[in-house]
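Structure first, then comments.
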2 protein chains.
Amino acid sequence: MTSKKAVILLSGGLDSATTLAYAISKDYSVYALTFNYGQRHAREVVAARELAAHYKIETHKLLNLDLQAIGRSALLDHTKELPMNRPLDKLSNEIPETYVPARNIIMLSYGLSWAESIDAESVFIGVNSIDYSGYPDCRPEFLSTFQHAAELGTKTGVEGKPIKLEFPLINLTKAEIIKLGVELGVPFGLTWSCYRGSAKACGKCDSCQLRLKGFEEAGIDDEIDYDEM
Amino acid sequence: MTSKKAVILLSGGLDSATTLAYAISKDYSVYALTFNYGQRHAREVVAARELAAHYKIETHKLLNLDLQAIGRSALLDHTKELPMNRPLDKLSNEIPETYVPARNIIMLSYGLSWAESIDAESVFIGVNSIDYSGYPDCRPEFLSTFQHAAELGTKTGVEGKPIKLEFPLINLTKAEIIKLGVELGVPFGLTWSCYRGSAKACGKCDSCQLRLKGFEEAGIDDEIDYDEM
């Protein structure tokens, strides 16, 4: 048992699953944190649970965030239409309706709070800014500035032992993330990406499109079920 | 009815009450946000409700944050002893047991999320760094860096219309805050500061001590009831 602790933000998608496996490969003792925030695809929370069970994570916390009370987003308002079949080359250039205001800021803040409370060294988040949906809170300039704010605004930071934010996937393509995951033995069949959150993945939302493109470019089969396309 | 909207973090203490009155005096249409985070002094939430009613705030949201699940603090763990009768000159120089890891970071993140969702211009927070308990997340250097992170990590920021963080009390002494509040007509008798959260204020915790000193220096009577001291 190592004493090096890390909090991992585990959504249940393939990026966070790979980040979890990466942290374990670096000998961190892992504390997984998953959020039920009223997302349309609460199906991903089931995936997070299955991933935590697969990796025998001793401490996996599921927090309920009442974002539906305050946030305007197509991921929170289940009556809104999801963007479908957006051209892949435009995904990173415009912020879509699925953007949830300040979501990563809120989730990182909770990660930081927990990390500080259990004397963890790091908070891992599986964001990437290459094959992504144009969310501003996935960009490295945001993450490094948030890290700085966290250093200034926490006890550990003031005491010279700031919690480190780790985002190891930030510059990888989706195909590279999948290849890394395969190397690390990630059970991708347990992960969930589709925003629609039905029994099968839709294959058309931004998240499905990025996933499909990634598996195709990596030359690896995606084991999850998709609707007929 | 003005169209200039602001989210106000309203704890129910005298600083947030004064900040609320200040924002109203600046013609903001006010959206008040209060958190029930398992704090020992949930009594302050009652105060926030009474203040919102006093000011006829149309939208006052109360969010439950599950900080007790992750946070280590004497404010969250009701079995821990509260620091009492700490020398006033030391309050700002050491971080006490009542520090809640990343509390203001979490609360500001929610404020930001709501502000972005309702097209508000600003988020007001009543922190001050003069007569305070040494919490790192009350310092101006933290707040300005958080503002920068928020600009980089939100849609409105990327679009060049960032939500502004306003902390008008940051450089005021507690006495100056109370005098400002009196000018603005704040009903201080409705506010609550004591960490213990019993029927009467204890007069001995950091929060009571700062309040009592402020009223004394301002030469104004504090209308709330204290235990015999």
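All of the numbers you see were taken from the coordinates with simple rules; none came from a lab. Computed from a prediction, not measured in an experiment: that's the story for all the values here. For neighbour counting, all protein chains shown are included, and Cβ atoms are generated from backbone atoms with ideal geometry for every residue, glycine included.
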### Message
Is there a quick way to get the dipole size of region B:5-218? I mean about its Cα centre, with the Cβ of Lys and Arg at +1 and of Asp and Glu at -1; what is the value in debye to the nearest 20?
### Response
500 debye
### Task
Considering only B:Ile24, B:Ile125, B:Ile170, give the residue with the highest GNM mean-square fluctuation for chain B, with springs between Cα atoms whenever their separation is below 10 Å.
B:Ile24
### Message
If I model a spin label as a point 7 Å beyond the Cα along the Cα-Cβ vector, how far apart are those points for A:Thr59 and B:His78 in nm?
### Response
2.3 nm
#### Entry: Coarse-grained scattering of the protein assembly as shown at q = 0.06, 0.10 Å⁻¹, given as base-10 log I(q)/I(0) from a Debye sum over alpha-carbon atoms
-0.27, -0.72
### Task
Just round it to a whole percent: the fraction of Cα-Cα distances in region B:46-167 exceeding 21 Å.
52 percent
### Summary
With region B:1-72 reduced to its Cα atoms and the Debye formula applied, log10 I(q)/I(0) at q = 0.14, 0.22 1/Å amounts to -0.43, -0.91
### Query
Given +1 on the Cβ of Lys and Arg, -1 on the Cβ of Asp and Glu, and no further charges, what dipole in debye does the protein assembly as shown carry about its Cα centre, rounded to the nearest 20?
320 debye
### Query
Which of A:Lys213, A:Lys56, A:Lys174 moves most in a GNM of chain A, Cα contacts under 10 Å?
A:Lys56
### Message
What is the distance in Å between the Cα centroid of region A:32-63 and that of region B:130-199?
### Response
34 Å
### Query
Per the Cauchy relation, a quarter of the hull surface: what is the mean projected area of the convex hull of the alpha carbons in region A:173-229, in nm²?
3.6 nm²
### Message
As a footprinting exposure proxy, order A:Asp137, A:Asp225 by other Cβ within 10 Å, with the fewest listed first.
### Response
A:Asp225, A:Asp137
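Could you list the square roots of 5 times each eigenvalue of the Cα gyration tensor of region A:127-229, that is, the equivalent ellipsoid semi-axes, sorted largest first and rounded to whole Å?
33, 15, 13
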### Residue among B:Ala32, B:Ala120, B:Ala199 with the largest mean-square fluctuation in a Gaussian network model of chain B, springs linking Cα atoms under 10 Å
B:Ala199
#### Entry: Spread of Cα-to-Cα distances over 10 Å intervals beginning at zero, given as percent, for chain A
8, 34, 39, 16, 3, 0
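When each pair of different Cα atoms in region B:108-162 is counted once in the 1/r mean, what is the Kirkwood radius in angstroms, to one decimal? Don't skip to the end; give the middle numbers.
Working: mean 1/r = 0.0829 Å⁻¹.
After inverting the pairwise mean of 1/r, the radius is 12.1 Å.
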### Task
Putting +1 on Lys and Arg Cβ atoms and -1 on Asp and Glu Cβ atoms, find which of B:Thr34, B:Gln147, B:Ala47 reaches farthest to the positive end of the dipole of region B:5-218.
B:Ala47
